[in-house]
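To start, the structure itself, in structure tokens.
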Amino acid sequence: MGEAPVFSVDDLQNGNGFRCAGFSLKSNGSGTTTVIGDKIYVIDETDESFGVKIYDKSTSKWVIPTVRGIEPKPCKGHSAVLLNGDRILVIKKGSSPEDCIWFLEVDTPYVREQKKMVGAEVFAWSKGVIGYNEKPVVISGPSGVGKGTLISKLMKEFPSMFGFSVSHTTRAPRGMEKDGVHYHFTERSVMEKDIKDGKFLEFASVHGNLYGTSVEAVEVVADAGKRCILDIDVQGARSVRASTLDAIFIFICPPSMEELEERLRARGTETEEQILKRLRNAKAEIEQGKSSDIFDHILYNDKLEECYESLKKLLGLDGSTVANHQISPKGIDLPADYSVSKVDNKIIINSGTAELGKASKNLIVLDVSSLKGGSPGRTRGLQVYTVDSFSDGLKGVNKLS
Ligand SMILES: Nc1ncnc2c1ncn2[C@@H]1O[C@H](COP(=O)(O)OP(=O)(O)OP(=O)(O)O)[C@@H](O)[C@H]1O
Ligand SMILES: Nc1nc2c(ncn2[C@@H]2O[C@H](COP(=O)(O)O)[C@@H](O)[C@H]2O)c(=O)[nH]1
């Protein structure tokens with residue numbers, strides 16, 4: 001296992017006895033190769049996109065894998081470092097500080113599960129995020145309990161802190177609901193195809209309609225530098241719990257079934273038949289919400305203001321604790337040109353003036369020892385710091401690129 005250039009990417013594009021469907025031939029000549037067992041992962045960039053293909057040494061064949069996740073935007077070259085044999089760290093050159101670290105997952109649990117489903121090679125892109133500050137919040141509870149009301153209050157009081165994950169649904173819009181704001185209102189056939197194509201983090205049939213959270217819905221919130229809030233049913237919460245999305249799970253409970261019914265009727269958005277269906281489903285949801293190990297917290301929404309205060313307290317927004325999402329830096333300011341080395345779980349980015357054993361003020365250290373999450377969604381837990389010299393702990397680094 002290791003990173004070894006076995007042939008130049010230009011050679012590959014010049015033919016070398018093969019042509020790969022779907023792989024652009026307009027490389028900008030800055031590809032990398034990473035060897036994992038019998039497979040060579042070639043990551044190449046064109047002016048339009050990143051491309052990945054695999055050369056399988058055991059069969060002497062090229063494979064174009066199925067892509068999951070949103071791929072990084074093209075840049076001016078990259079470095080690739082293999083981590084734990086299951087993912088490749090990609091450091092993009094000439095990119096903005098918040099967009100320069102990506103992971104190409106090649107053998108993570110998510111990718112293995114996708115390979116089984118697709119029956120072919122799969123890889124997944126996941127963007128790297130510094131620290132743990134953006135843990136998403138999953139809010140669940142029966143229809144009419146007040147999830148939307150609580151979320152609206154939170155977003156109104158902290159508009160720059162939270163972003164709402166806009167779900168897809170096949171149900172019809174209500175009077176004031178806007179497409180793309182409250183939901184992405186979608187045809188069932190389109191949504192089913194997107195689910196098949198792996199675009200959804202979770203989906204469920206709820207009260208007779210299809211609902212789902214796309215990977216993109218969660219990622220656009222993270223891209224805006226905000227903490228993501230998901231309003232989803234208990235089935236969806238269970239799926240997210242089983243996924244790599246590291247979130248806080250909160251179940252909102254009504255004070256009684258009578259009160260829930262009253263709220264649903266007073267809202268006046270459903271027909272009688274739909275209200276009865278939602279109330280029937282509520283019983284099972286409350287049972288599961290209270291008894292399952294999906295949820296970290298249960299809040300009773302009796303008096304709205306009291307429940308809202310409890311929610312803020314859980315999220316560290318009542319002044320008793322420092323809200324951790326206010327602390328961490330946004331990204332990494334990379335030098336224009338650099339080389340990359342690896343020592344244990346540390347990636348050292350050197351602007352080129354430092355030599356091993358000699359003092360330098362130009363080293364950025366990327367600590368990947370505590371990574372969490374991954375595709376679908378972001379890879380969190382990157383730690384970044386700078387050092388003034390190659391300390392003893394950093395001696396003996398292997399230069400990679
Ligand atoms: N604590 C409360 N006391 C009284 N009424 C409330 C309370 N919380 C919310 N409501 C009202 O109950 C109704 C349902 O609330 P809301 O739409 O927020 O529920 P929801 O859980 O988001 O429902 P759904 O899952 O169907 O979207 C609304 O009319 C809202 O104003
Ligand atoms: N599993 C998911 N459930 C979702 C999603 N978006 C909303 N919901 C849940 O559906 C019901 C009904 O919502 P309504 O807007 O029709 O009243 C409610 O419990 C929501 O939490 C989703 O993406 N996935």
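See the values below:
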| item | result |
| --- | --- |
| Per-residue SASA entry for His207, accessible area with 1.4 Å probe, Å² rounded to 10 | 30 |
| Extension reserve of the Ala224-Leu314 stretch, reckoned as 0.36 nm per residue once the Cα distance is removed | 30.1 nm |
| Chain lengthening between Glu187 and Met257 when straightened (0.36 nm per residue, less Cα-Cα) | 21.9 nm |
| Tensor-based shape of region 72-150 (alpha-carbon gyration tensor, a/c under 1.5 rounded, otherwise prolate or oblate) | oblate |
| Inter-label distance, nm, simple model (7 Å from Cα along the C-beta direction), Ser49/Arg174 | 3.9 |
| Inter-label distance, nm, simple model (7 Å from Cα along the C-beta direction), Lys156/Glu305 | 1.4 |
| Ser214 long-range amide H proximity, modeled H, under 5 Å | His168, Leu201 |
| Rg in Å to one decimal, and Dmax rounded to a whole Å, for region 214-307 via C-alpha atoms | 15.2, 41 |
| Accessible-area order (highest first, 1.4 angstrom probe) of the listed residues Lys303, Lys277 | Lys303, Lys277 |
| Spatial separation of Cα centroids for region 203-281 and region 153-177, in angstrom | 11 |
| Relative packing of peptides 370-376, 36-42 - highest average C-beta neighbours within 10 Å first | 370-376, 36-42 |
| 28 Å Cα-Cα threshold exceeded, pairs from Lys199/Lys342; Lys193/Lys312; Lys57/Lys193; Lys135/Lys290; Lys73/Lys153 | Lys199/Lys342; Lys193/Lys312; Lys57/Lys193; Lys73/Lys153 |
| Rounded if a/c under 1.5, otherwise prolate or oblate - region 107-219, Cα gyration tensor axes | oblate |
| Accessible surface ranking that places the most exposed of Lys57, Lys147 first, with a 1.4 angstrom probe | Lys57, Lys147 |
| Accessible surface ranking that places the most exposed of Tyr338, Tyr385 first, with a 1.4 angstrom probe | Tyr385, Tyr338 |
| Volume in Å³ per residue [convex hull over Cα atoms, computed for region 209-269] | 136 |
| With every protein chain in place, region 190-289: carbon and sulfur % of accessible area (1.4 Å) | 50 |
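The values are calculated or read from the model by the stated rules, or taken from the named source; none is laboratory data. All values derive from a computational prediction rather than experimental measurement. Here the Cβ is made from the backbone with ideal geometry for all residues, glycine too, and neighbour counts use every protein chain on show. With ligands, DNA and RNA removed, areas are computed over all heavy atoms of the protein, side chains included. Shrake-Rupley method; radii C 1.70, N 1.55, O 1.52, S 1.80 Å.
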